[in-house]
1. Whole-Hz ³J(HN,Hα) for each residue in the range 57-68, computed from phi via Karplus 6.51 cos²θ - 1.76 cosθ + 1.60 with θ = phi - 60°, x for glycine and proline: what do you get?
2. Amide H to amide H, which residues 5 or more places from L38 or on other chains are under 5 Å from it, using H placed in the peptide plane?
3. In debye, nearest 20: dipole of the range 40-203 around its Cα centre with unit charges on the Cβ of K, R (+) and D, E (-)?
Amino acid sequence: MNSVVAALRFFFTHTIDRPELARRLVRTAHARKIPVVLTLAEVKRLLDATTCIKHQAALSVAYGAGLRVGEVSALKVCDIDSKRMLLRIERGKGGRYRNAMLPEGLLVLLRDWWRAGRQQGVLHADGWLFPGQNATLPISTRQLHRVVVQAAEVADITKRVGPHTLRHSFATHLLEDGVDIRVIQALLGHAKLGTTAFYTQVATKTMRAVVSPLDRLALAGPDKKAPSG
């Protein structure tokens, strides 16, 4: 619905030059659902359940660097900066550029994929990191979604998952490990801190670390009366 509102606002404001009509259009507010998050064990089972090193590497990038599925698809080989241990994201949300983290374990896996892809003749120094069936085009986001769903079925994961589930899990696991929320915001490429703060609702490890005032009652002894006189 909101996409229709945006299209009509553009039509009235720019196409027919009637901005007063656009002011009557109101966007509807949608309650944001709590994202599905995998445990560390479930993430490992999911990655191990992929059918080839290309798919394992692509999903590992989504989880290990916290990328959106479109960002994974758009990566090129030259976007890997192994000296600075960074991934250059040139087609992020809103067209913004940013750097994402490149863990050592992920770099090892990407190098394995590079060697395998070179042998298959599908990887080139100036080409896509994860080419599709046609090597001149990147793997599609729809294909990556199918890869995640199929791997989840093999791994016996009953949660409703997709590529973005790995990004949600990345952010939540960092938050549970005590990483500063503003650092997580930068890694995810969020424009607003409030978007990142939403993950506090699913960081169960963080919640369990909080001591309830009710539990403190059991630790508190009876109040001692002040001595008279």
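Every number in this text was worked out from the coordinates using simple rules, so none of it is lab data. Predicted model, so just to flag it, every value in this text is computed and none were measured. Please note: Cβ atoms are built from the backbone with ideal geometry, for glycine as well, and neighbour counts cover all protein chains shown.
1. Values, residue by residue: 5, 5, 6, 5, 5, 4, 7, x, 10, x, 8, 6 Hz.
2. For L38, the qualifying residues are S169.
3. Dipole size: approximately 460 debye.
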